[in-house]
Each structure stands twice: as C-alpha cells, then as structure tokens.
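In what follows, a single structure is set out as structure tokens and then discussed.
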Amino acid sequence: MRLAVIPGDGIGPEVVAEALKVLGEVVPGAEITEYDLGATRWHSTGELLPESVLGELRQHDAILLGAVGDPSVPSGILERGLLLRLRFELDHHVNLRPARLYPGVRGPLADTSSEIDMVVVREGTEGPYAGNGGLLRKDTEHEIATEVSVNTAFGIRRVVEDAFNRAELRPRKHLTLLHKTNVLEHAGSLWSRIVEEVSLEHPEVSVAYSHVDAATIHLVTDPSRFDVIVTDNLFGDIITDLAAAVTGGIGLAASGNLDITRRNPSMFEPVHGSAPDIAGQALADPTAAVLSVSLLLDHLGQKESARRIEASVAFDLATRDQASPGATHSIGDRLAALVSSNVKPSAAQ
Ligand code: NAD
Ligand code: IPM
Ligand code: MN
C-alpha cells in the first residue's frame with residue numbers, strides 16, 4: 001500500500017501522527033511518503049501544489065490529509081490553492097461524510113434516545129466552488145461580486161448514482177435530496193430531475209426532498225429521519241459541520257474525497273480544519289483522522305482492517321471520560337492499543 005500523507009497546518013500534523021500510529025497497527029508494511037505542503041512551504045517558497053508533487057501524489061493508492069489553513073496566510077490561499085485544487089485535479093467528485101452518534105457519546109441534543117446514523121454524499125467538484133465568478137466595476141460603489149454555481153448533468157448524475165448505490169446497501173434504504181429549489185430555479189430543477197430519473201433504477205430506495213434551511217432544523221430536532229443525504233458542494237459543506245456537531249463534535253467526523261472511477265487516488269481527511277485556536281496544545285481529538293483512515297482502508301478494499309479501527313473507536317467512545325477524553329497522543333495511544341488487541345465491535349454496544 002503506497003500512501004501519501006499531507007499533515008498540513010495547525011492541528012493537522014497532530015492528528016495525522018495519531019492516525020498513522022493506528023494505521024501502523026493494521027497495515028504495518030504501508031509505504032508512506034510525507035509531503036510538506038501547507039503554510040510553512042508557502043511562506044518559504046511561495047509554492048502551494050507544484051506540478052511535480054501533484055504528479056507524485058497521483059502515483060499513490062490514497063492520500064491522507066490533516067488540514068490546511070493558517071492565520072498567517074490570507075484566507076483562501078491554501079484552501080483553494082492546495083485543498084480544493086487537489087479535489088479538482090484528482091476528480092474527487094464524491095465527498096463522503098458519514099455522521100453517526102456512537103453508543104456512549106452524548107451529543108448536544110436534548111433527546112439523546114434518537115438514533116443518528118446518516119451518510120452525506122456531498123458533490124465535490126462543482127457548485128459555487130468551481131471558481132466561476134469575478135468582480136465587475138471594481139473599486140466603485142457599484143462593485144459586483146459573483147460566484148456562479150456550476151451544476152452539470154454529468155456531475156450531478158454521478159454523485160446521485162453513488163448516493164442511491166449507498167442507500168441500497170443500508171438497512172433503511174432512504175435517500176434525501178437537500179437543495180433550495182424554491183429559490184435556485186435552474187440548479188434546483190436539474191438536481192430534482194436527475195434524482196427522479198435515477199430513482200427509477202432503484203425502486204427499493206425511498207426518496208424525500210427537503211429545503212436545506214429546513215434540513216438544519218430537522219438535523220437538530222429529528223436527525224433520525226436522515227439516512228443517505230445527497231446534496232451540492234456548498235450545502236454539503238455546511239450541513240456536515242452540523243451533522244458532526246449533533247453526533248458528538250467535529251473531532252469525530254471523518255471524510256473521504258472519492259474518485260469513484262478510481263482513475264485517481266482518493267483523499268481522506270477529517271471534516272474539521274486546522275483549528276488554530278487549539279493548535280500546539282494537544283487538545284485536538286484525533287478520532288476524526290483515525291476514522292478517516294478507516295474510510296481509506298475501506299475504499300482500498302481492506303474491509304477487515306477498516307472494521308477493526310471502527311470497532312476500536314466505538315469501544316473507546318463508549319468507555320472514555322466524555323468530559324476530558326485525554327490529550328491528542330493519549331487518545332491515539334488508546335486507539336492503537338485497542339486496534340492491536342483486536343477489540344470486537346460487539347464489545348462497545
Ligand atoms: P475548524 O474546523 O478548524 O475549527 C472549528 C472549531 O472546532 C474550533 O473551535 C476548533 O478548535 C474545533 N475543532 C476542530 N477540530 C477539532 C478536533 N479535532 N478536536 C477538537 N476540536 C476541534 O474550522 P475553522 O476555525 O473555521 O477553520 C480554521 C482553518 O481551517 C481555516 O483556515 C479554514 O479555512 C481551514 N479549514 C480547513 C479544512 C481542511 O483542510 N479540510 C476544513 C475546514 C476549515
Ligand atoms: C471542508 C472545508 C473546505 C470546504 C474548505 C477549507 C475549502 O470547509 O473540507 O469542509 O469548504 O470544502
Ligand atoms: Mn467545511
């Protein structure tokens with residue numbers, strides 16, 4: 001297994017170190033190459049993602065990323081020039097973001113009996129992220145800024161198909177499209193139409209629609225209604241921070257940026273960012289990064305190893321002191337020990 005690792009900025013290197021500790025227990029022979037992309041490199045060389053590095057990254061089976069973004073770099077330089085560029089260049093069209101309330105974890109919601117187990121299939125290469133915009137009448141009082149959301153039938157269809165395929169494999173077989181069809185006329189009708197078309201090929205999957213604003217209410221008041229969610233790039237970004245918050249916090253939320261065609265390596269990363277407010281203090285929870293390794297292994301077909309990591313996380317979450325789960329490296333040590341002792345999934349239930 002050839003893995004490229006981009007620790008990145010802030011808490012990125014802290015959580016990645018723990019994720020690699022855990023990975024080492026399940027895949028001791030993994031060949032790991034680290035890339036020093038991020039704020040430090042940009043400051044010293046001005047480089048964000050050199051072509052030669054992109055070429056090297058392509059030679060790997062998968063990429064593990066910590067987080068990028070640093071207060072010393074103008075907002076967006078690293079995010080767009082490194083993270084989004086990787087997603088676009090490597091055609092990471094499915095941004096997979098599971099959100100599950102693990103047994104023992106007390107989320108912030110009053111009704112803790114509610115079972116939360118959803119997976120958000122966020123479109124990853126289009127929408128307002130496409131970089132299609134600009135400024136008109138610059139430096140006048142009539143300046144206009146546009147950020148045009150790009151939605152192609154091809155781009156929508158491939159994520160919608162992926163979402164239906166995932167829904168079909170889940171016990172509830174339920175899919176919700178989140179959009180804003182009452183305002184976004186053109187993109188809204190294209191998304192709705194394609195969901196309707198693809199649903200004909202998946203008669204066993206039940207389909208619902210929700211406006212994204214209402215969905216934020218339901219994520220808080222009745223999150224168990226969601227099973228698979230499919231949505232565009234920006235709505236998916238926002239909704240997955242909320243989904244993380246209601247399932248125990250952003251420190252637990254993992255993601256995969258997938259090229260479903262497997263022409264390019266997929267990239268796995270926590271949903272969270274570089275958290276400059278807690279960086280360097282061993283306060284970051286590395287669980288999201290560890291679960292991202294589990295998604296990575298799952299994607300590479302190493303299902304048994306992926307399940308072992310999930311079981312260890314489930315056990316740790318069920319038994320940890322929720323109020324003070326421990327320092328970043330202590331959580332990593334615990335998870336690595338659990339993985340090496342091959343804790344069974346049932347132990348946590
Ligand atoms: P953030 O996710 O970094 O932090 C939001 C809040 O969550 C902060 O209070 C932080 O302390 C907390 N938090 C985050 N990860 C945590 C963890 N593992 N354990 C415990 N608490 C955690 O979001 P932000 O503050 O909006 O962004 C900070 C920087 O990160 C910005 O530069 C932003 O652009 C960037 N960012 C990068 C990514 C990425 O690389 N994928 C994702 C989101 C934000
Ligand atoms: C995420 C982040 C990124 C996004 C930013 C940093 C570009 O918020 O991965 O959720 O908006 O996709
Ligand atoms: Mn985000």
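The numbers here are math on the coordinates, done by the rules we state, and not lab data. Everything numeric in this text was worked out from a predicted model, so none of it was measured. Backbone-built Cβ (ideal geometry, glycine too); neighbour counts: all protein chains shown.
Annotations for the structure displayed:
- Remark: spin-label model distance Ser341-Ser114 equals 3.5 nm, labels positioned 7 Å along the Cα→Cβ axis.
- Extended-chain gain in nm, criterion 0.36 nm per residue less alpha-carbon gap, Ser192 and His43: 49.2 nm
- Once the chain from Asp321 to Leu135 is taken as fully extended at 0.36 nm per residue, the excess over their C-alpha distance is 61.9 nm.
- Among Ser224, Ser294, Ser255: highest mean-square fluctuation, GNM of the chain, C-alpha pairs under 10 Å: Ser224
- Overall Cα dimensions of segment 108-246, principal axis frame, Å, largest first: 55, 39, 23
- FRET efficiency, Glu51 to Gln281 (Cβ-Cβ, R0 41 Å, nearest 0.05): 0.70
- Each other residue within a Cβ distance under 10 Å of Asp227 adds +1 if Lys or Arg and -1 if Asp or Glu, for a net charge of +4.
- Put a dot 7 Å past the Cα of Gln59, heading toward its Cβ, do the same for Asn165, and the two dots end up 2.9 nm apart.
- Relative exposure of Phe226, Phe154, judged by other C-beta atoms within 10 Å (fewest first): Phe154, Phe226
- Using a simple spin-label model with pseudo-atoms 7 Å out from Cα toward Cβ, Ala153 and Val220 lie 3.9 nm apart.
- Residues in segment 16-55 reached by a label modelled at Glu89 [backbone nitrogen below 19 Å; 7 Å Cα→Cβ]: 33-55
- 37 °C / 0.692 mPa s Stokes-Einstein diffusion coefficient of the chain, Kirkwood radius on C-alpha pairs, µm²/s: 158 µm²/s
- Relative to the current alpha-carbon distance between Ile77 and Thr33, full extension at 0.36 nm per residue lengthens the span by 13.4 nm.
- Overall form of segment 191-349 per C-alpha gyration tensor (a/c, 1.5; a/b vs b/c): prolate
- The distance linking segment 226-243 with segment 200-222 is 11 Å (Cα centroid to Cα centroid, whole angstrom).
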